[in-house]
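The block underneath contains the structure these notes are about, expressed in structure tokens.
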Amino acid sequence: MKIASRLFQFVFIISAAIFSGLSCGKGGGGNTPPPNPCAGVTVSVTATTANPSGPGTSDGSITASATGGSGFTYSLNGGTFQPSGTFSGLAAGTYTITARNSNGCTGSANFTLTAPNPCAGITITVTGTTTNPTTGGGTNGSINANASGGTGPYMFSRDGINFQPSGTFSNLGAGNYTITARDANNCSGSANFTLTDPCAGVTITVTGTTVNPSSGTAADGSITAAANGGVGPYEYRLGAGAFQSSGTFTGLTAGTYTVTARDSRNCTGSANFTLTAPNPCAGVTINVSTTVVGNIPCTTPPTGSITATGSGGTGPYTYSLNSGSFQPSGIFSNLAPANYTVTARDVIGCMGTVNVNVPNRPQGPLFTQVKTLIQNNCIVCHNAANPNGGMNFEVDCNIVNFKNRILERAVNGNPSPMPPTGLLPASERQKIVDWINAGGRYID
């Protein structure tokens with residue numbers, strides 16, 4: 001009986017399902033979508049809020065309610081939905097509450113919780129005492145700060161970043177400092193403090209007497225310095241040397257020196273002192289006498305010379321020509337005709353100068369006779385426009401340089417006589433011979 005009854009129930013259910021499927025929809029398609037239950041439904045979310053009691057606390061809450069359906073559940077910031085619209089244990093911030101009705105339709109709204117400002121109306125006042133550094137450039141100054149107007153205990157900072165329980169800051173140099181105090185509620189206030197260098201406005205004046213060295217190379221000069229304007233006792237140093245209690249410095253050569261004085265507070269002042277060596281040449285006149293030998297034209301190298309002798313100072317002397325190097329000898333040779341400056345210097349360094357002209361030596365009488373007969377007999381064939389054989393006898397030095405050619409042609413007729421009209425008279429030829437025998441120079 002039970003088996004037959006169960007079989008009857010199963011057949012009935014299948015038949016009902018088939019009958020239901022055949023009767024839905026016109027045309028027998030069966031694809032019409034179900035209606036949207038949220039169409040035309042607006043879910044609105046409202047709430048009451050309770051702000052947290054202070055910064056950093058999490059005792060705020062939001063109690064939300066919704067309209068636009070029934071059977072609502074609620075979610076905080078996309079979290080799990082819950083039947084209650086109350087969310088507690090919240091810190092300051094902005095939250096999103098989403099409500100969902102029984103048909104799955106949703107709506108959202110944002111709510112902001114703010115923490116009260118514990119520093120509203122609070123003024124943290126910072127006061128303190130200062131101790132200035134006791135020496136110039138020193139770092140033994142300090143600031144002792146106190147705070148009021150907030151809720152203790154206070155923390156203190158010199159840089160606004162690193163705080164400490166104590167308001168005392170030590171090992172400070174001169175300068176401006178800002179001290180910040182922060183109370184238990186993190187409310188803060190600041191004050192500026194100035195530490196003054198003890199040398200501010202202090203002028204250390206250094207005076208002294210000098211003793212010049214006895215000579216240009218001696219190291220027996222001295223400086224004796226004294227200071228005022230500060231708080232003694234003073235210390236002194238020469239240049240970049242070490243400080244000493246005495247202001248006297250000895251063993252000095254000629255030169256300029258800087259003496260610095262330092263008082264008991266490390267305030268300093270300086271002065272320059274110049275030691276001058278006596279002039280060893282004061283009253284000394286170096287005289288330079290010269291002997292000049294003129295240059296012989298048409299010679300290479302030139303043959304002019306100057307012989308200089310110094311006097312009036314302390315020998316031995318050295319000599320210079322035209323500001324050149326000094327040499328022990330006063331003889332300058334191979335000089336071309338020109339103006340020269342000769343300087344004599346004694347062993348002390350005293351100097352004297354003289355201007356000297358080296359001239360060309362004049363024509364000799366024998367050369368003058370030969371030049372005249374050449375001009376009278378040879379210029380026609382040996383001139384600048386027609387220098388036969390490469391010889392232009394209009395130039396004096398060409399006569400000197402070609403003297404052997406002149407001897408062979410005009411005296412010996414070798415290979416042919418010159419001038420072409422025949423040899424010169426014997427007296428004229430003798431002038432050539434006499435000049436060449438004398439040296440054949442411009443000055444002969």
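Coordinate-derived values only; no laboratory data. Keep in mind the model is a prediction, meaning the values are calculated, not measured. Here the Cβ positions follow ideal geometry from the backbone for every residue, glycine too, while neighbour counts run over all protein chains shown.
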Report task. With label points built 7 Å along Cα→Cβ from the Cα atoms of Asn287 and Thr368, find their separation and express it in nm. Result -> 3.6 nm
Query raised in the report: Taking the simple approach of a point 7 Å from Cα along Cα-to-Cβ for both Thr135 and Thr194, what is their distance in nm?
Result: 2.5 nm
Query - Shape parameters for the range 34-157, alpha-carbon atoms, Rg then Dmax in Å - result: 26.8, 95
Query raised in the report: Working out 0.36 nm times the residue gap between Gln244 and Asn388, then minus their Cα-Cα distance, what length gain in nm do you get to one decimal?
Result: 42.6 nm
Query raised in the report: So what does log10 I(q)/I(0) come out to for the range 129-275 at q = 0.16 Å⁻¹, using the Debye formula with one equal point on every Cα and no solvent?
Result: -0.83
Report summary line: Relative to the chain, whose Cα atoms define the longest principal axis, helix 365-377 and its Cα axis are tilted in degrees, nearest 10, by 90 degrees
Report summary line: Computed from every Cα-Cα pair in the range 287-358, P(r) in 5 Å bins starting at 0 and rounded to whole percents is 4, 19, 29, 23, 13, 8, 4, 2, 0
Report summary line: the range 124-195 and the range 288-305 have their Cα centres apart by a whole-number Å value of 92 Å
**Report entry** Equivalent ellipsoid semi-axes - Cα gyration tensor, the chain, angstrom
**Finding:** 124, 57, 15
Query raised in the report: Stretch Thr32-Ala218 to full length: gain in nm at 0.36 nm per residue minus the Cα-Cα span?
Result: 54.4 nm
Report summary line: Taking Cα atoms, the helix 2-23 axis meets the longest principal axis of the chain at an angle in degrees (rounded to 10) of 60 degrees
Query - DSSP-assigned coil residues among chymotrypsin sites (Phe, Trp or Tyr not before Pro) in the range 215-263, each with at most 14 further Cβ atoms within 10 Å - result: Phe243
Report summary line: Long-range share for the range 365-437, i.e. C-alpha pairs more than 18 Å apart as a percent of all pairs, stands at 28 percent
